[in-house]
Amino acid sequence: MSDRFGLLDTEKMILPWRRWRRAVGLLFLGLVLLSDMFLVHRAYRIHLQEHPRVLLRISGERETTGELVRGDVLTQDLYLEKGPMVGFSLQFATYGRASQGPAQVRLYQDTGDKLLGQWTLAAEEIVDNGSHRFDLDAPFPVKEGGERFRVEVRAPAGIRGKSFSLYRTEKDLYKSGSLQPEVDGPSDLYMEVYPAGPGGVELMFVLLVLFTGGMYVLVCLYMADRSRAGRKIRDIPLERTVLVLILLLGTAYMFVMPPHAAPDEPAHFGTAYAYTDKILMQEATDADGYVYMRPEDMVYNEAQKNPTAYSYQLFWDHFLTRAGQEGRVTFGSRMLNGVWPLAYLPQILGILLARFLRLGGVPLIMSARGMSLLFYAFCCAWAVRRMPFAKGALALVTLLPMSLELGASCSYDSMMLALAYLFVGQAWHCIYAKAQVSWKDWGLLAGTAALVIPLKIVYWPLTALCLLIPASKCASVRQMWAGRVCVLGGGLASLLAVRLYSIVYYLTRTSFHAAKGQWQGISLQDVLERPAQALRLLAESLRTQGDFYLSTMVGGKLGWLDTEIPGYLVCGFWLLLLLAAVKVAEERQSVQMIQTRDRLLAVGVSTVAVLSIFGVFLLTWTAAGADLIDGVQGRYFLPLLPILLPCLQNNSLTVQKNMDRPLLTCASILHLFVLWSAFETNLLR
């Protein structure tokens, strides 16, 4: 049938769509992202109606002060850097029974010079485990430079067994004030102080919107592949793209996940800080192992490890501060034992730089995080450059939300991940891409292994990748075996030098409490006597927690596993990882496929590493009688992904063109949604 009017000219109908489909897709995602930002801001405004802005929050693990009776006076000193203040709240406890007497609360300026307000809470108004707010008649302005206040609580008719108590912090986290009389050592009342007027959280909204818009524009330009100075964007080496993306997205994670929000970050920050004390010839810890630091550096403590809107408020209130008066206080975390200073080298340099410049607490910790991110970015870019195949897979692994959160934190996991990725990339390069393996190549492998293995003993099996380097690529058989000994032995020697005592302790102890709770732990002797029980725990862990491991490997639960990311974003990252591992038909066969022998060894090495991870947590965290191995998280498997993903390549499933550029584009867009999701969770907590 003839088509006189061109109505059936499908070629003309399809070509415009092919030309504009990319723009239409990006525009649609941009609109979805814009609506997501609007909904987050709307949810925050609604949240403020029930949870007002906070000028000061003293929180942490809760304990009670003990019952207040007639004649008792609880006194809490406060220090406010700015105002105005409109009121405060305290948390009461009645031990599940009704109080028989009222609570009398007073607020004084300084140490009792001027009474600013007094309130009487009737007995029937005191709610067990409840928070009660006390508002001033008018906002009280705080003097420039800060001002002290005192809160007094009395029980004028309190009788033992029929009165109330207040909640306090488990230990002294608020160094700017004190609670008298002390209960089981220094602590502070669990309380909040409320300001008048807008807070600094809105600034976070503005900056995140600007970053999202700028990142969206960069993504559009990257996909458009416009010429610049006669060079196509697609010609830019992948490692440079990875470097830029890690620095941009990692910086965003530094702001969205406030200080101490990364796993175990307070302990790592305190340990790095203690090493800077030693470098400056100062006392690092007290008799109990708690780290000494400047008062300004106590802006964040363990109480802020679960971020809230108050965490962002603190961030902007102290973002441009400088160190003031001299003095030293103890941090809420002890210095970690058995970790050498090299594990914190970037963080130590950042803290030293901030201390030399006399920067305040927030600039100091951000300087430490920034140095950590720089080190992570350059190591990952170099690893991608060395990777002979599946470069996109390694690039995406370095850009996973969990990788970026750790890479931009004070945790030594930043260095561990960076060097592990570098080791794997260098190993595959020597096995397949390098024509002649020199002593320099062996030295790089041995050096990275010697730095990584003492940080995480479970990754020593990864050094076995050096066994895959062919003898034909070495100058001699002697060089090959000497190189293998240096890599395998260097990692083992550094491990024994740093962790020998802890290894012997964990392998020989028989009676102890598991790291979580007060139950009897599982010893190596127990495992040897009942190996079937250990295998059952392993199988049950994989069966019931497999989805948890896969989710947390990508970053489905950021922070202390309390900042949950929607499941569709987690699935999106896994889909990108699998697509990046697919063989590209147009690339050369010699650098595209892993040989069967090498594939089997790589899978075997990864399997041993996985068993080691479960074994360590079985002997350190799991209680006897547990149903599964406790403490294992997906982030511990991240260094194994660059080994396993290339092993998925086969001749049955291929793509015609390299997809690294569109996959990185999709990952960047997914990150924008992850950032807003994490921001929303933290704001509304």
### Task
For L577, work out the one condition from (1) out of contact with any helix residue (DSSP H, G or I) (no Cβ under 9 Å at 6 or more places or on another chain); (2) modelled with pLDDT of 90 or more it doesn't fulfil.
(1)
### Task
Tell me which of these S677 doesn't satisfy, since it passes every other one: (1) without any contact (Cβ under 8 Å) to a residue 12 or more places away in the chain; (2) small (G, A, S); (3) assigned to a helix (DSSP H, G or I).
(1)
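A quick yes/no check of all residues on (1) at pLDDT 85 or above; (2) among the hydrophobic types (A, V, I, L, M, F, W, C); (3) over 18 Å from P388 (Cα atoms):
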site	(1), (2), (3)
I613	yes, yes, yes
V616	yes, yes, yes
W621	yes, yes, yes
R635	yes, no, yes
L645	yes, yes, no
Q649	no, no, no
S652	no, no, yes
T665	yes, no, yes
F673	yes, yes, yes
#### Entry: Selection from the stretch 324-372 of residues that are outside any helix (DSSP H, G or I) and of a type in the set (V, I, T)
V329, T330, V339
### Task
For the stretch 422-444, state whether one or more residues are in a loop (DSSP other than H, G, I, E, B), farther than 20 Å from G604 by Cβ and touching a His at 6+ places or on another chain (Cβ under 7 Å).
no
### Task
Any chance you could count how many residues in the stretch 388-421 are over 25 Å from L648 (Cα atoms) and assigned to a loop (DSSP other than H, G, I, E, B)?
5
### Task
Return only the number of the condition from (1) within 18 Å of L640 (Cα to Cα); (2) without any contact (Cβ under 8 Å) to a residue 40 or more places away in the chain; (3) not aliphatic (A, V, I, L, M) that P470 does not satisfy.
(1)
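Which one is farthest from F614 (Cα to Cα), of the residues in the stretch 436-447 that are surrounded by 20 or more Cβ atoms within 10 Å (Cβ to Cβ) and touching a Gly at 6+ places or on another chain (Cβ under 9 Å)? Give the derivation first.
We begin by selecting, within the stretch 436-447, every residue surrounded by 20 or more Cβ atoms within 10 Å (Cβ to Cβ); these are 437, 441-442, 444-446.
Applying the additional criterion that residues be touching a Gly at 6+ places or on another chain (Cβ under 9 Å) yields 437, 441-442, 445-446.
Numbers: V437: 35, D441: 32, W442: 30, L445: 26, A446: 26 Å.
Restricting to residues being surrounded by 20 or more Cβ atoms within 10 Å (Cβ to Cβ) and touching a Gly at 6+ places or on another chain (Cβ under 9 Å), the top hit is V437.
From W481, W560, which residue is among the aromatic types (F, W, Y), farther than 23 Å from L451 by Cβ and either within 25 Å of the chain's Cα centre (by Cα) or assigned to a helix (DSSP H, G or I) (or both)? Before you say what the answer is, go through the steps one by one.
Details: W481 fails: farther than 23 Å from L451 by Cβ.
Exactly one of W481, W560 is among the aromatic types (F, W, Y), farther than 23 Å from L451 by Cβ and either within 25 Å of the chain's Cα centre (by Cα) or assigned to a helix (DSSP H, G or I) (or both), namely W560.
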### Task
With the condition kept exactly as written, say whether any residue in the stretch 68-86 is in contact with a His (Cβ under 9 Å, 6 or more places away or on another chain), at pLDDT 90 or above, crowded, with 17+ Cβ neighbours inside 10 Å and not in a loop (DSSP other than H, G, I, E, B).
no
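Does the stretch 573-586 hold any residues that are outside any helix (DSSP H, G or I), surrounded by 15 or more Cβ atoms within 10 Å (Cβ to Cβ) and of a type outside the set (G, A, S), and which are they? Outline the logic, then answer.
So in the stretch 573-586, the residues outside any helix (DSSP H, G or I) come out as 581-586.
Going one step further and asking which of them are surrounded by 15 or more Cβ atoms within 10 Å (Cβ to Cβ), we end up with 581-584.
Result: V582, K583, V584.
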### Query
In this structure, is Y310 within 18 Å of K171 (Cβ to Cβ) and either modelled with pLDDT under 90 or assigned to a strand (DSSP E or B) (or both)?
no
### Query
Picking from D562, D598, D526, which residue would you name as being under 30 Å from Y253 (Cβ atoms) and of a type in the set (D, E)?
D562
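Looking only at the stretch 283-297, decide whether some residue is over 21 Å from S372 (Cα atoms), part of a helix (DSSP H, G or I) and at pLDDT below 90. Explain how you work it out, then say what you get.
Restricting attention to the stretch 283-297, the residues satisfying the condition of being over 21 Å from S372 (Cα atoms) are 283-290, 292, 294-296.
Still in the list and also part of a helix (DSSP H, G or I): 295-296.
Checking which are at pLDDT below 90 leaves us with 295-296.
Looking through the stretch 283-297, at least one residue is over 21 Å from S372 (Cα atoms), part of a helix (DSSP H, G or I) and at pLDDT below 90.
So which of K391, K473, K434, K440 ends up being touching a Leu at 6+ places or on another chain (Cβ under 9 Å), at pLDDT below 95 and basic (K, R)?
Numbers: K473 fails: touching a Leu at 6+ places or on another chain (Cβ under 9 Å); K434 fails: touching a Leu at 6+ places or on another chain (Cβ under 9 Å); K440 fails: touching a Leu at 6+ places or on another chain (Cβ under 9 Å).
After applying the criteria, what remains is K391.
Taking L451, is it among the hydrophobic types (A, V, I, L, M, F, W, C), assigned to a loop (DSSP other than H, G, I, E, B) and touching a residue at least 24 places away in the same chain (Cβ under 8 Å)? Explain how you work it out, then say what you get.
Details: among the hydrophobic types (A, V, I, L, M, F, W, C): yes; assigned to a loop (DSSP other than H, G, I, E, B): no; touching a residue at least 24 places away in the same chain (Cβ under 8 Å): yes.
For L451, the condition - among the hydrophobic types (A, V, I, L, M, F, W, C), assigned to a loop (DSSP other than H, G, I, E, B) and touching a residue at least 24 places away in the same chain (Cβ under 8 Å) - is not met.
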### Task
Scan the stretch 351-373 and give yes if some residue there is surrounded by 24 or more Cβ atoms within 10 Å (Cβ to Cβ), more than 19 Å from V256 (Cβ to Cβ) and either of a type in the set (V, I, T) or out of contact with any helix residue (DSSP H, G or I) (no Cβ under 9 Å at 6 or more places or on another chain) (or both), otherwise no.
yes
### Task
Determine, yes or no, whether V570 is modelled with pLDDT of 90 or more, buried (at least 16 other Cβ atoms within 10 Å of the Cβ), within 22 Å of the chain's Cα centre (by Cα) and not in a helix (DSSP H, G or I).
no
### Query
Which one of the conditions (1) more than 24 Å from S494 (Cα to Cα); (2) touching a residue at least 40 places away in the same chain (Cβ under 8 Å) does Q436 fail to meet, given that it meets all the rest?
(2)
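Taking the stretch 115-143 as the region of interest, how many residues are surrounded by 13 or more Cβ atoms within 10 Å (Cβ to Cβ), over 20 Å from L55 (Cβ atoms) and of a type in the set (A, V, I, L, M, F, W, C)?
Within the stretch 115-143, the first condition is being surrounded by 13 or more Cβ atoms within 10 Å (Cβ to Cβ), and the residues that meet it are 116-117, 119, 121, 123, 125-128, 130-136, 139-140, 142.
Restricting the remaining residues to those that are over 20 Å from L55 (Cβ atoms) gives 121, 123, 125-128, 130.
With of a type in the set (A, V, I, L, M, F, W, C) added as a condition, the list becomes 121, 123, 126-127.
Looking only at that region, the number is 4.
May I ask you to verify whether L675 is crowded, with 20+ Cβ neighbours inside 10 Å and more than 23 Å from L558 (Cα to Cα)? Lay out the reasoning, then the answer.
Values: crowded, with 20+ Cβ neighbours inside 10 Å: yes; more than 23 Å from L558 (Cα to Cα): no.
Criteria not met by L675.
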### Task
Would you mind finding the one in G158, G112 that is crowded, with 18+ Cβ neighbours inside 10 Å and modelled with pLDDT under 90?
G158
### Pairs, first in contact (Cβ under 8 Å) with a residue 12 or more places away in the chain in the stretch 492-508, second surrounded by fewer than 16 Cβ atoms within 10 Å (Cβ to Cβ) and in a helix (DSSP H, G or I), C-beta under 9 Å, six or more apart
L495/I503; I503/L496; Y506/L524; L507/L524; T508/L524; T508/Q525
## Note on the structure
Subset of the stretch 542-563, residues among the hydrophobic types (A, V, I, L, M, F, W, C) and surrounded by 22 or more Cβ atoms within 10 Å (Cβ to Cβ), comes to M553, V554, L558
### Query
Taking the stretch 166-209, which residues are touching a Ser or Thr at 6+ places or on another chain (Cβ under 9 Å), assigned to a loop (DSSP other than H, G, I, E, B) and among the aliphatic types (A, V, I, L, M)?
L173, V183
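The values are calculated or read from the model by the stated rules, or taken from the named source; none is laboratory data. These numbers were taken from a predicted model, which means no experiment stands behind them. Every residue, glycine among them, receives a Cβ derived from its backbone with ideal geometry; neighbour counts consider all protein chains shown.
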